[in-house]
1. Out of (1) under 29 Å from SER517 (Cα atoms); (2) not in a helix (DSSP H, G or I), the odd one out for PHE129 is which?
2. Taking the range 343-396 as the search range and keeping residues that are surrounded by 11 or more Cβ atoms within 10 Å (Cβ to Cβ) and of a type in the set (S, T, N, Q), which one is modelled with the highest pLDDT?
3. ALA99 is checked against (1) surrounded by 21 or more Cβ atoms within 10 Å (Cβ to Cβ); (2) among the aliphatic types (A, V, I, L, M); (3) within 21 Å of the chain's Cα centre (by Cα) and fails just one. What number does that condition carry?
4. Just need a number here: residues in the range 139-175 that are under 21 Å from LEU493 (Cβ atoms), under 24 Å from the mean Cα position of the chain (by Cα) and basic (Lys, Arg).
5. Across the range 548-589, which residue is surrounded by the most Cβ atoms within 10 Å (Cβ to Cβ) among those that are among the charged types (D, E, K, R) and in contact with a Lys or Arg (Cβ under 8 Å, 6 or more places away or on another chain)?
6. Under 6 Å between Cβ atoms, at least 6 apart or on separate chains: pull out the pairs that start in the range 3-26 with a residue that is farther than 15 Å from PRO49 by Cβ and end on any residue that is in a loop (DSSP other than H, G, I, E, B).
7. Hey, any hits in the range 142-164 for a residue that's aliphatic (A, V, I, L, M) and buried (at least 22 other Cβ atoms within 10 Å of the Cβ)?
8. Quick one: GLY300 ticks every box in (1) surrounded by 18 or more Cβ atoms within 10 Å (Cβ to Cβ); (2) within 24 Å of the chain's Cα centre (by Cα) except a single one, so which number is it?
Amino acid sequence: MFIKYEKRKRNNGEILTYVSVVEGYRDINGKVKQRRIKSYGALENQENPDEFIRKIEEEIKILETQENNRIEFTLTDDENKNNSVINKEFNYGYKYLEAIYDELKIDEFFDSFQKESKMKSEYSVSEIFKFLTLQRILNPDSKRATTQKLTKFYNKDLNFSLDDVYRSLTKISNTFDSLQTHLRAGVDRLIKNKSERIYYDVTNYYFEIDFNDPEENFRHKGVSKEHRLDPIIGLGLFLDNNGIPLRFNIFNGNTAESLTLISELEKVKNEYNLERIITISDKGLNTSKNIETIVEKGDGYVFSQILRGKKGKRYHEALFSEDGYVVTKDSDGVILKKYKEFIEEYEVIIDGKKTIKKRKVFIYYNINDALRARRKRYEKILKAQKALKNNAYGIEHSFSKYIKKEFINKKTGELLKDVASSTGLDIEKIEKDEMFDGYFCLITSELDYDYKKVREVYHQLSEIEDTFRITKSNLLFRPVYHFKKENIKAHFLICYTALLIVRLMQYKLKNDSINLSVERIVKVLNMMNMQVIKGIVHLKYIGGQLDFKRFESDGSIKFNNHFDGTDQIEKDYNLIKISFNTPFDFAYVKIENFNRYFKSIKFHITTA
């Protein structure tokens with residue numbers, strides 16, 4: 001800070017020396033400028049000019065020791081317009097995500113990749129990948145729409161075109177395996193507790209096209225999880241026991257998910273030097289061939305098991321026999337839950353020879369699951385009755401299984417195989433399905449697992465379902481607009497990296513006893529916007545969403561329909577600042593002070 005003297009001519013022609021305290025600063029472009037801290041009037045109007053200057057010098061010393069000075073600035077008429085440059089907003093919330101990105105050393109990976117590949121590009125693949133990844137979290141959109149937001153981030157001077165983005169996708173796709181290996185190494189640096197348990201599941205994503213690709217490409221019609229008729233692509237995802245993505249791969253949409261497990265499992269085991277792993281997955285991956293291969297490799301498994309139909313018939317005797325169940329009842333004697341466990345011998349082929357192995361089988365029942373299944377069936381029965389009434393039973397729906405079909409000759413009444421059918425509710429099918437309401441079965445190679453352990457281990461599989469929901473609802477992995485195979489691979493690699501970053505942020509927050517959904521995290525970060533006005537940063541208000549009152553019921557926290565007088569976004573923002581240890585509460589602050597805060601945003605995981 002220093003004293004500035006300015007000569008000004010008054011209307012009467014008198015020239016006076018106006019005194020003010022100013023300081024130098026660098027604007028957003030790095031240019032040195034000055035801003036006025038305080039004005040003191042004309043020197044000629046003071047009784048004792050020397051004493052007047054001495055007092056200002058003393059005040060400067062006080063101002064320089066204060067963290068928050070009084071800030072003054074004036075705007076010209078052009079600067080005060082709504083579309084003036086100083087009224088432009090920049091987002092700085094992205095820095096919290098970039099801190100994780102930087103901790104994974106992704107820039108270093110791509111810089112090294114570009115150098116080793118001897119790419120002579122006018123653009124930086126590293127810069128493009130980072131921008132697309134961060135925007136996939138904050139504002140997921142097409143590559144074209146995303147590139148239109150190049151100037152949105154504070155302190156980012158990005159200079160690449162949409163053509164550069166499209167060209168970079170081929171280069172990014174060439175890192176499909178090596179980048180995943182690099183990312184996992186970064187996760188292992190951050191989270192030290194390795195686990196022998198991994199979770200695997202498969203989902204799919206649709207393309208808005210009418211016809212299949214050639215067989216060598218990905219886009220093919222298959223069994224869609226979202227019951228769509230569009231061509232799809234399959235994605236197999238591994239999570240570790242912390243819920244952190246471990247690895248993924250993509251498959252042709254017509255590939256059966258059960259055929260993806262073993263090859264991907266082998267990659268994971270070799271890539272990460274895992275001696276023995278226990279795979280946890282649902283019944284869609286539970287095939288005899290998969291179990292045989294897992295056991296042959298000396299690994300383990302926990303699978304859910306079908307109880308209905310031929311595959312589950314072997315367990316019906318144990319299921320419906322009351323012997324061996326550990327039962328919990330309410331005060332009226334109603335069974336709330338029960339379970340039994342037993343050892344089963346089964347046959348596998350190892351080295352071409354039949355071998356007898358043992359596994360543990362857990363069968364359990366929960367009345368809440370039974371009531372839920374009953375309600376769902378009741379809705380289907382109502383739809384089936386309505387379809388029968390409207391003669392619409394020829395169209396297949398999920399409720400069609402409860403419509404009985406008998407193929408008869410309408411003239412003679414004889415049963416035939418190829419003549420139109422008469423229909424009604426299939427009461428036998430309804431009663432048979434009701435027998436299984438509320439029951440669930442798990443099988444495991446781990447004979448030392450008890451009921452509590454196997455339920456705890458399997459329950460974590462819900463993390464992968466939640467992860468798939470995030471990919472479709474928050475990160476918008478689909479629909480996919482690319483058609484080239486390498487561009488599709490690059491798209492999913494960008495999306496996967498974005499998923500890993502948000503999951504790591506959630507993991508950090510949970511370690512600090514903070515549970516925030518991806519939606520709430522993104523909402524806070526997107527509201528962290530600011531303006532730069534003549535070296536002064538104006539930080540916008542973060543909030544605007546009233547929170548509801550909480551109450552405890554059945555051991556869990558629930559919400560009612562009344563507001564509690566607080567702002568949910570504001571509270572979430574404060575929690576994120578606590579977790580990252582970045583206290584900063586100013587609305588107006590000098591740009592150098594803001595930059596110190598901005599640079600202080602670092603990522604580390606608190607360990608007990």
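1. Of everything listed in (1) under 29 Å from SER517 (Cα atoms); (2) not in a helix (DSSP H, G or I), PHE129 misses just condition (2).
2. Here the answer is ASN366.
3. (1)
4. Of the residues in that region, 3 qualify.
5. So in the range 548-589, the residues among the charged types (D, E, K, R) come out as 549-550, 552, 554, 558, 564, 567, 570-572, 577, 585.
Add one more test, that the residue is in contact with a Lys or Arg (Cβ under 8 Å, 6 or more places away or on another chain), and what stays is 550, 552, 558, 564, 572.
Values: ARG550: 10, GLU552: 8, LYS558: 11, ASP564: 14, ASP572: 24.
Ranking the qualifying residues of the range 548-589, first place goes to ASP572.
6. VAL21/MET1; GLU23/MET1; TYR25/GLY535
7. no
8. Every condition holds for GLY300 apart from (2).
The values are calculated or read from the model by the stated rules, or taken from the named source; none is laboratory data. Being a predicted model, the structure only gives us computed values, none of them experimental. Reconstructed Cβ throughout: ideal geometry from the backbone, glycine too, with neighbour counts over all protein chains shown.
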